[in-house]
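Chemist: A single structure is presented below for examination.
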Amino acid sequence: MSVAKKLASQTAVYGISSIVGRVLTYLLVPVYTARFAAADYGIVTGLYAYVSFLNVVFTYGLETTFFRFANRAGADRQDLYNRVLSLLLVSSVVLAGLLAWQADTLLQLLGLPAGHERYVLWLALVLGLDAVAAIPFAQLRLRNQARRFASIRMASIVLNVALNMFFIVACPDILAGKYLTALQPLVARVYDPSIGVGYVFLANLATSAFTLLLLAPELLQMRFRLSLAPLRPLLTYAYPIMLMGLAGMVNETLDRILLPAWLPEGFYPGKSSLTAVGIYGACYKLSIFMSLVIQAFRYAAEPFFFSQSTEKNSPATFAMVLKWFTLCCAVIFVGVSLNLEILGEQFLKRAEYREGIAVVPVLLLANLFLGVYWNLAVWFKLTDKTYIGTYIGAAGAVLTIALNFLLIPVLGYMGSAIATLACYFMMAAVCWWLGERHFPVPYPVARLLGWLALASGVVALGWFVPVSGYWLRQGWHLALCAGFVGLIVLIEKPQRMLEK
């Protein structure tokens, strides 16, 4: 099997859990936007923005570190697994305990409504459980056990969706007498209406616990070993990755934290800042089609890149991977952007959420450049110069904060979307520029930029050329999508890639 086919097949298997599975989770967006007001959904959006930061702190770069050290010559993978998982187990208990202990204080610092301390407690447990699960999942990826990885992820996602549907849809409807009224006494015992959006977090907690249960065979293989001396080189490699991850979270989620703080009062008439966060967070979900592909690709690509690093033709392989990754993402960018009218109606049930849908093409393009960055970042991981990623991420964080400060008061949440796009484009450009000097790879940069410019032009045609009539408009958008895909197939000839 060619390296391209191998990577594509592994990406497809990981995609079962990360794309198909997350699509199931994404189907909860219409449920949330139908059942919760934008202000309530703003609480979910705000808390999960902080969880994204804390996820990085809880794992502090040890997942990528595990891959790097496990692929070194003469590495004792089982001993490495024991030490890394032991360290994460101890640190997760300590960090989760600290968060739970200071739940009330943290809620005040987050600027969220009082009375929701239990939300922080539940999320602290989620963070701890997910951190412990990270290394067993990494072990499965290292062993190329993509099917087991995907099946566990898929089962967990299905459970999460089921619990959300039960507590957010079924229980309120049964108590309201809409159906299955005979179950009302039972539902009244297990369902507390005062929890409200908190059931989103409770479902997450139950899912995280269930995931660890499914990973029991991998967890039982671990023998507790905790000594500082052997861990020092791992931590030295890991801490720049953690800093890079934190900077990445600034770029990815800080806008949902800064938006309510810097949005002028009355910017959106009749809407609070928390409502604006809820609208932006719901519309951000529509860019998930891009981020899902990137996530699936990263699951397969990270161990793939490390395994290919010693091959003579690895630079050509990396260039080919970036080319086809970018073209596939460009198709997604065009396809989603030109069908937002349909997607908005289906997934953003309340009209108030659809007011912010114009941010979606900007966010899709931003996530595309983030995916390009993760491809380009292979050079500093393979050369053990992970501190470069920290510098790039920090520069992106500074740019994100500065642009949000300048643009939110003028453009509202569109300013946050533009800041995200500018940040990820800058990070990709700088990473490529530095990589050319330290780890040259023959990336077809000019060609790919031309395709992205064409994709942006196609989206602009669809958005700004007026076509009256709903079905005529959809036909016009479909023709634009088909024309773009046909041009790629005609010029690039995908079969050549699969044969290499």
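Chemist: Sorted by mean Cβ packing within 10 Å, highest first, what order do the peptides 374-383, 430-439 take?
Modeler: 374-383, 430-439
Chemist: Moving on to the next point. Using mean Cβ contacts within 10 Å as the protection proxy, how do 124-130, 418-424 order, highest first?
Modeler: Those peptides, ordered most packed to least, come out 418-424, 124-130.
Chemist: Report, ordered by chain and residue number, the aspartates and glutamates lying within cross-link reach of Lys349, taken as a straight Cα distance under 13 Å and ignoring same-chain residues fewer than 8 apart.
Modeler: Within the straight-line limit of under 13 Å, Lys349 reaches these aspartates and glutamates: Glu341.
Chemist: So, R0 is 35 Å and r is the distance between the beta-carbons of Ala229 and Ala316; what FRET efficiency does that work out to, to 0.05?
Modeler: It comes to 0.30.
Chemist: Please calculate how many Å² of accessible area the chain carries per residue, with a 1.4 Å probe and no DNA, RNA or ligand atoms counted.
Modeler: Spelled out: the 1.4 Å probe surface of the chain, per residue, equals 42 Å².
Chemist: Taking the full set of protein chains and a 1.4 angstrom probe, give the accessible area of Tyr284 in square angstrom, rounded to the nearest 10.
Modeler: Number for this one is 30 Å².
Chemist: Treating only the Cβ of Lys, Arg, Asp and Glu as charged (+1, +1, -1, -1), what charge dipole size does the stretch 363-500 show about its Cα centre? Round to the nearest 20 debye.
Modeler: So the dipole magnitude of the stretch 363-500 works out to roughly 160 debye.
Chemist: Can you give the relative contact order of the chain as a percent, counting alpha carbon pairs under 8 Å and 6+ residues apart?
Modeler: On the way: 597 pairs, mean separation 116.9, N = 500.
Averaging sequence separation for qualifying contacts and normalising by length gives 23 percent for the chain.
Chemist: Extension gain Leu175-Ala216, at 0.36 nm per residue separation less the Cα-Cα distance, in nm?
Modeler: Result: 11.0 nm gained on full extension.
Chemist: Put +1 on the Cβ of every Lys and Arg and -1 on every Asp and Glu Cβ in the chain; which of Leu406, Phe69, Ala37 then has its Cα farthest towards the positive end of the dipole?
Modeler: Phe69
Chemist: Treating only the Cβ of Lys, Arg, Asp and Glu as charged (+1, +1, -1, -1), what charge dipole size does the stretch 153-300 show about its Cα centre? Round to the nearest 20 debye.
Modeler: Computed charge dipole of the stretch 153-300: roughly 380 debye.
Chemist: Below 8 Å, C-alpha to C-alpha, sequence gap of six or more: please give me the relative contact order for the stretch 18-177 in percent.
Modeler: Details: 99 pairs, mean separation 54.9, N = 160.
It comes to 34 percent, rounded to a whole number.
Chemist: Considering only protein heavy atoms and a probe of 1.4 Å, how much of the accessible area of the chain is carbon and sulfur, as a whole percent? Each step should come with its number before you reach the end.
Modeler: Numbers: 14450 of 21230 Å².
Summing carbon and sulfur atoms, their accessible area is 68 percent of the total for the chain.
Chemist: Please list the non-local residues whose amide H lies under 5 Å from the amide H of Arg225, H modeled 1.01 Å from N, same-chain partners needing a gap of 5 or more.
Modeler: Ser86
Chemist: If you don't mind, there's one more thing I want to ask. Which value, in debye to the nearest 20, describes the size of the charge dipole of the chain about its Cα centre when Lys and Arg Cβ atoms bear +1, Asp and Glu Cβ atoms bear -1, and nothing else is charged?
Modeler: In total the dipole reaches around 1340 debye.
Chemist: Over the C-alpha atoms of the chain, what are the Rg and the largest Cα-to-Cα span, Dmax, in Å?
Modeler: Considering the chain through its Cα atoms, Rg and Dmax are 23.0, 71 Å.
Chemist: Determine the calculated [θ] at 222 nm for the chain from helices alone, applying -39500 (n - 2.57) to every DSSP H run no shorter than 4 residues and normalising by the residue count; nearest 500 deg cm²/dmol.
Modeler: -26000 deg cm²/dmol
Chemist: So for the stretch 335-467, taking the charge dipole from beta-carbon charges (+1 Lys/Arg, -1 Asp/Glu), which of Cys431, Leu454, Ile342 sits furthest toward the positive end?
Modeler: The residue sitting most towards the positive pole is Cys431.
Chemist: Rounded, prolate or oblate: pick one for the stretch 229-299, where a ≥ b ≥ c are the square roots of the eigenvalues of its C-alpha gyration tensor, a/c under 1.5 means rounded, and failing that, prolate if a/b is larger than b/c, else oblate.
Modeler: Note, shape of the stretch 229-299 comes out oblate.
Chemist: If you don't mind, there's one more thing I want to ask. Sorted by packing (mean other beta-carbon atoms within 10 Å per residue), highest first, where do 464-477, 169-182 land?
Modeler: On the way: 464-477: 11.7, 169-182: 13.4.
The densest-packed peptide leads the list: 169-182, 464-477.
Chemist: Moving on to the next point. For the stretch 339-449, what class follows from the C-alpha gyration tensor (a ≥ b ≥ c being the square roots of its eigenvalues): rounded when a/c is under 1.5, otherwise prolate if a/b is larger than b/c, else oblate? Provide the component values of the computation, followed by the final result.
Modeler: Numbers: a/c = 2.94, a/b = 1.86, b/c = 1.58.
In terms of gyration-tensor shape, prolate.
Chemist: Shifting gears a bit: Rank Ile257, Ile342 by accessible area, highest first, at a 1.4 Å probe radius?
Modeler: My answer, sorted largest first, is Ile342, Ile257.
Chemist: Give me the extension gain from Val57 to Ser194: residue separation times 0.36 nm, minus the current Cα-Cα distance, reported in nm with one decimal.
Modeler: Contour length minus Cα-Cα distance gives 46.2 nm.
Chemist: On to the next question. If you take the square roots of the eigenvalues of the alpha-carbon gyration tensor of the stretch 142-263 and sort them as a ≥ b ≥ c, do you get rounded (a/c under 1.5), prolate (a/b over b/c) or oblate?
Modeler: Verdict is oblate for the stretch 142-263.
Chemist: Still on this structure: Membrane-span-like helices in the chain: DSSP H runs reaching 15 Å or more (Cα, own axis), mean Kyte hydropathy at least 1.0?
Modeler: 38-59, 77-101, 117-142, 198-214, 314-337, 359-376, 386-411, 445-464, 470-492
The values are calculated or read from the model by the stated rules, or taken from the named source; none is laboratory data. Just so we're clear, the structure is a prediction, and the values are computed from it rather than from any experiment. Note that we place each Cβ from the backbone using ideal geometry, even for glycine, and neighbour counts take in every protein chain shown. When the accessible area is computed, the model is the full protein with side chains, heavy atoms only, and any ligands, DNA or RNA have been set aside. Shrake-Rupley method; radii C 1.70, N 1.55, O 1.52, S 1.80 Å.
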